[in-house]
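Step one of this worksheet: look at the structure below.
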């Protein structure tokens with residue numbers, strides 16, 4: 001977000017020079033960052049769901065001790081029997097809501113402080129740096 005601010009400082013200086021107020025600049029930046037964090041959160045949730053879906057197909061071999069072995073008693077020459085177990089992977093709605101809320105909260109905090117800092121910059125100083 002900070003690199004975005006540095007790259008767009010010229011545009012912000014021009015907007016302030018043509019009459020945008022500090023609140024207008026802050027609202028614009030907060031809106032952009034909110035949208036970016038929302039899309040990033042949704043993309044992260046979709047990627048997490050996709051990878052957990054793929055992990056659901058993973059089988060893990062587990063060896064069972066003799067006491068739990070289901071083979072008949074005359075097959076005592078095998079010390080352990082390997083059994084494959086599928087991983088139960090699921091994603092809850094609460095987990096989705098928390099991850100999206102964290103994404104929006106971190107984006108909102110970053111945009112608030114970034115917008116506040118940018119809105120205080122004077123257009124003459126911004127354009128002089130170019």
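Bear in mind that the values in this text are calculations on the coordinates, not laboratory data. A quick note: this is a predicted structure, and the numbers were derived from the prediction, not measured. Heads up, the Cβs are rebuilt from the backbone with ideal geometry, glycines too, and the neighbour counts pull from every protein chain shown.
Could you check the spin-label model distance between residue 95 and residue 124? Points 7 Å from the Cα along Cα→Cβ, value in nm.
Distance between label points: 5.7 nm.
Using the per-residue mean of other Cβ atoms lying within 10 Å as a proxy for protection, in what order, highest first, do the peptides 30-40, 90-100 fall?
Descending packing order for the listed peptides: 30-40, 90-100.
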